[in-house]
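Chemist: Could you have a look at this structure, given as structure tokens, before my questions?
Just so you know, all these numbers are worked out from the coordinates, no wet-lab data involved. These numbers come from a predicted model, not from an experiment. A quick note on method: Cβ atoms are made from the backbone with ideal geometry, for glycine too, and the neighbour counts reach across all protein chains shown.
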Amino acid sequence: MIRSTFIIAVFLGYFAQCQEIPNGGFENWEQKSYGEEPTNWGEFSLQLFHSVIPGILDSTIVKSEDAYLGNYAMELRSKNLTGISNDTIVALVMLNLINANMDSAMMKIDSSLESFSGYIKQNLIDSAENSTAILISVYSKGELIGIGSEEFVEDIIEYTRFNIPIMYFDDLKGDSISIMIIAGNADAPLPGNIMLLDNFKLNYKSVPQSIEEQNLSKIEVYPNPFVDQFMIKLNDSETQEYEIYSLMGK
């Protein structure tokens, strides 16, 4: 078993390591005066308006049971201000946002980030200018050193995986990131957009690890030796992605 596991570890080549985002699966929620918010996530307009005129805006975040994994997903909706028919609020959600303080809505990281991934489905109100977007900003000692973004311009009927690569401006390694989700086009806001998100991950580039570095409790390969077929058992409930190559690189 050890020999087979070692071969797989060596010949996987470069692979993406995942870092957990706090409540990236949106399983944990907190009750606020204006509605429920997923733990570790905040909606800018809700926090800003509620601090000025409590009750003027209902929650643009919905705790949805239509999840890709687990029990819940985060659903975002663009909507009108309460009692004001001509003003539309586009949901603007950020990781670790507290009291609408965008400058402090950050997460510490320990390495250069390669990409940000997750799952999305959405229903857009019909408009050629309507869209949703996700923006990731990477910082080093407070300086912006990289960004990644993707705009979603069509209805997405079933949950679909996205993977947003990070473009770096220099060779500095990032120490923190911000994540911003916009559930509509702020330049042409329309009420009624529905955007569902789940299973967020941060992905890093890494070289193969030696057998001593592998966590062998999470993977078993048998029988050993084998001729035509072998079995891989993953002792981990979380979804993973593997690539296996032969000694000839196939």
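Chemist: What does the C-alpha gyration tensor say about the overall shape of the stretch 59-160? Classify as rounded when a/c is under 1.5, otherwise prolate if a/b is larger than b/c, or oblate. Kindly include the intermediate steps, with their values, before the conclusion.
Modeler: Working: a/c = 1.72, a/b = 1.39, b/c = 1.23.
In terms of gyration-tensor shape, prolate.
Chemist: What ranking do 68-74, 191-197 get when scored by the average of other Cβ atoms within 10 Å per residue, highest first? If you can, show how the numbers build up before the last one.
Modeler: Details: 68-74: 18.6, 191-197: 21.6.
Sorting 68-74, 191-197 by mean packing, highest first, produces 191-197, 68-74.
Chemist: On to the next question. Multiply the residue separation of Glu143 and Lys173 by 0.36 nm, subtract the distance between their alpha-carbon atoms, and state the gained length in nm to one decimal.
Modeler: 9.7 nm
Chemist: Same structure, new question: In nanometres, what is the gap between the two model label sites at Glu150 and Ala128, each 7 Å from Cα along Cα-to-Cβ?
Modeler: 2.6 nm
Chemist: Something else about it: When you count, for each residue, the other Cβ atoms within 10 Å and take the mean per peptide, how do 124-136, 33-45, 153-165 rank with the highest first?
Modeler: Values: 124-136: 16.2, 33-45: 18.8, 153-165: 13.0.
Per-residue mean Cβ counts within 10 Å order the peptides as 33-45, 124-136, 153-165.
Chemist: For the stretch 107-195, what does the relative contact order come out to in percent, with C-alpha contacts under 8 Å and a separation of six or more? Intermediate results must be reported in sequence, preceding the final value.
Modeler: Values: 190 pairs, mean separation 38.6, N = 89.
This gives 43 percent for the stretch 107-195.
Chemist: Here's another thing I want to ask about it. Pop the C-beta distance of Lys63 and Met102 into the FRET formula with R0 = 22 Å and round what comes out to the nearest 0.05. Working shown, then result.
Modeler: Details: r = 24 Å, r/R0 = 1.08.
That gives a FRET efficiency of 0.40.
Chemist: Obtain the nm distance between the two label points defined at Phe230 and Arg161 by a simple spin-label model: each point lies 7 Å from its Cα along the Cα-to-C-beta direction.
Modeler: Taking the two extended label points, one gets 2.3 nm.
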